[in-house]
Amino acid sequence: MNPHTGCRQKFFRFFNTQTNYQKLNPAIVPKISKIIGIVLILLGLVSYFATGAEHFTALIPSFFGLVFFGLGYLGDRSEDMRKHSMHAALLLAIFGIFGTWRGLMEVFGALGGQTIDNPPAAYAQALMAIICLFFIILGVKSFIDARKEPARQVTSEESSGENPES
C-alpha cells in the first residue's frame, strides 16, 4: 500500500463538496477578506518598523490590506456586491502573489543554504504570498460550492417528485 494514499485522500476530501460539513458558505468569504486585510495591514506596519522606518515600500502589504478590507466590507454590505467584490479580491490576491513571488523564492532558497540580500523584505513578501495563496484557495472553493449548490437543489426537487411549476 502506498504510504501517501491517506494524505491524498485528506487533500482531495477538502475539495469534495458532496458532504455538508465541508461546504464553505459564500457569505463568509467577505469576512475572511476583512480578516486578511487586517493581517496584511499589520504585516506591512511590522515590516516597516522592523526595517527602521526607512523603506516606504515595506508598507505595500498594508496598502493591499486596505483594499482587501474595503472589498470585504463591500461584500458584507450587500449580497449583490458580494460576487463582484470577491472576484476583485481574488484578482488582487493573484496580483499579490505575482508581486511577492521573488521574496517567496528567496526564502525557499534560504532553506537550501543560499543567502538573502534583504531578509526582512523577503520574509514579509513570503508571508504575503502565503496569505494571498490561502485566500485564493478559500475563494475558489467558495465559488465551486456556490456553483454546485443550485444544481444540488434542482436534483433534490426532481428526485422528490415535486413539480415546482404547478
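The values are calculated or read from the model by the stated rules, or taken from the named source; none is laboratory data. Fair warning: this is a prediction, and the values are worked out from it, not measured in the lab. Glycine gets a Cβ as well: all are built from the backbone with ideal geometry, and neighbour counts include every protein chain shown.
Quick check on segment 80-131: of everything there that is within 25 Å of GLY52 (Cα to Cα) and of a type in the set (Ser, Thr, Tyr), which residue is surrounded by the fewest Cβ atoms within 10 Å (Cβ to Cβ)?
That would be THR115.
So, restricting to helices (runs of 4 or more DSSP H) that lie completely within segment 53-166, which ones have at least 2 residues that are modelled with pLDDT under 85 and among the aliphatic types (A, V, I, L, M)? Step through it out loud before you land on a result.
Numbers: elements: 60-77, 79-111, 119-160.
In segment 53-166, the matching helices (runs of 4 or more DSSP H) lie at 119-160.
Which one is surrounded by the fewest Cβ atoms within 10 Å (Cβ to Cβ) among residues in segment 30-56 that are touching a Leu at 6+ places or on another chain (Cβ under 8 Å) and more than 18 Å from ILE97 (Cα to Cα)?
LEU45
Somewhere in segment 53-70, is a residue among the acidic types (Asp, Glu) and within 17 Å of LEU138 (Cβ to Cβ)?
Step one: filter segment 53-70 for residues among the acidic types (Asp, Glu), giving 54.
Then drop every residue that is not within 17 Å of LEU138 (Cβ to Cβ), which leaves none.
Checking segment 53-70: not a single residue is among the acidic types (Asp, Glu) and within 17 Å of LEU138 (Cβ to Cβ).
Would you please list the contacts, defined by Cβ atoms under 7 Å and residues six or more apart or on different chains, that run from a residue in segment 106-133 that is within 13 Å of ALA93 (Cα to Cα) to a residue that is modelled with pLDDT of 90 or more and among the charged types (D, E, K, R)?
As it stands, the answer is none, since no pair meets every condition given.
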